[in-house]
Every structure is written in C-alpha cells, then in structure tokens.
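Readers should treat all values here as calculations from the given coordinates under stated rules, not as data from a laboratory. A quick note: this is a predicted structure, and the numbers were derived from the prediction, not measured. We place every Cβ from the backbone using ideal geometry, glycine too, and count neighbours over all the protein chains shown.
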Amino acid sequence: MSDPIQAPPAAPKRRGRPPKPQTAPQPTVVLTPEEKRRLEWEDFSRRDVEWQSQQGEPCPHCGQYPGYNPVTGIQVRSWTGRKVTDGHRDSCPMKDKAARKV
C-alpha cells in the first residue's frame, strides 16, 4: 500500500508588530545662519500677510484695528465697567460707540 502524500508543514505564525518598510534616509541639508534667518523671515512674513488678510477694517477715526494692540502685537480688549471696547485709542470719538455691553 502506498502512503498518502503529506502536505508540507505550515510556516509558524509571526508574532508581534509587522516590520516597518525601510525608507531611504533623507539627505542632510546644512543651512548657513544667513539662510536659516532668511527662511524664518519668509515664514514669518507669509504668516503675517495671512493674519493681516483675516483682520477687519481699521477704525476711520483712530486707525486702530478692533482688538489689536500694535505695541505688543496681541489681541486686546479694554473694559470700562461692564462694557468691552476693542482696540480704540483713548482719544478716539468712536470708542464709546464701539463699546458693547457684556
């Protein structure tokens, strides 16, 4: 009698996380300090232009943008009692009209 044909033994299951595909290392770019400053300035300028385009129109009387302090460069709110005034100079005649009750 002939022996039945034996199937080859199954490969053992791999355990754990599958291996990550190997990627070619990126070439190292060394920037001079001048090039680095130029890239940082271009990035800052691009973000500043985007930010300026998102701002509203300045006040026609005092030229200030609502909620913006040009000295510190941050958004501000002035409070007078329970009224909030966004970014007008103290001498601006529109300051009280722009105040809103909170």
**Message:** Multiplying the sequence separation of Arg38 and Arg82 by 0.36 nm and subtracting their Cα-Cα distance, what value in nm do you get?
**Reply:** 11.3 nm
**Complete:** Candidate cut points under trypsin sites (Lys or Arg not before Pro) in segment 1-65, DSSP loop plus at most 14 other Cβ atoms within 10 Å of their own Cβ, are Lys13, Arg14, Arg15
